[in-house]
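> Encoded as C-alpha cells, here's the structure I'll be asking about.
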Amino acid sequence: EGDEVVKAKAGGGSATLSMAFAGAEFADALLRAMHGESGVVQNSYVESSVAEGCAFFSSPVSLGPEGIVEVHDFGEMSEYEKNLYEEMLPE
C-alpha cells in the first residue's frame, strides 16, 4: 500500500521527513567513502545472496571510492527476528 511508514509513525512525525533524512544520511556516507574515508557501512537494498531465495535484500554494505566494496551478512538474529525472517522468505 505504501503507507506503512505513515501508519507506523502514528502521528508522530512526517513520513516524508523520515525518507529525506535516510536519503541524506546515505548520501553523506557515500560521499565520505568516495573521498577516501574507510570503514563506511550503511544498509542498502542490494542484489545479494544473503537471504535464501531472494535475489535482492537489505543488507549492511561497506562503501568505498568506487561504490559498494562488500555486502555483509545481517549477523545474529533473535528468535523473534528468525521467525519474521522465515515468514518473509518465498516458498
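> Checking the structure you have, find out if any residue of the range 71-82 is in contact (Cβ under 8 Å) with a residue 12 or more places away in the chain and of a type in the set (Ser, Thr, Tyr).
Among the residues of the range 71-82, not one is in contact (Cβ under 8 Å) with a residue 12 or more places away in the chain and of a type in the set (Ser, Thr, Tyr), which makes the answer no.
> Would you be able to tell me the number of residues in the range 13-40 that are among the aromatic types (Phe, Trp, Tyr) and either closer than 16 Å to PHE74 by Cβ or open to solvent by less than 50 Å² (accessible area, probe 1.4 Å) (or both)?
Result for the range 13-40: 0.
> Might you check whether a residue that is modelled with pLDDT under 85 and more than 18 Å from the chain's Cα centre (by Cα) occurs anywhere in the range 15-35?
Within the range 15-35, not a single residue is modelled with pLDDT under 85 and more than 18 Å from the chain's Cα centre (by Cα).
> What number of residues within the range 41-66 satisfy the criterion of being open to solvent by less than 50 Å² (accessible area, probe 1.4 Å), in contact with a Leu (Cβ under 8 Å, 6 or more places away or on another chain) and modelled with pLDDT of 90 or more?
2
The values are calculated or read from the model by the stated rules, or taken from the named source; none is laboratory data. In this text the structure is predicted, and so the values were computed from the model without any measurement. Cβ sites come from the backbone with ideal geometry, for glycine too, and all protein chains shown count toward neighbours. What goes into the accessible areas is simple: the full protein's heavy atoms, side chains included, and nothing from ligands, DNA or RNA. Shrake-Rupley method; radii C 1.70, N 1.55, O 1.52, S 1.80 Å.
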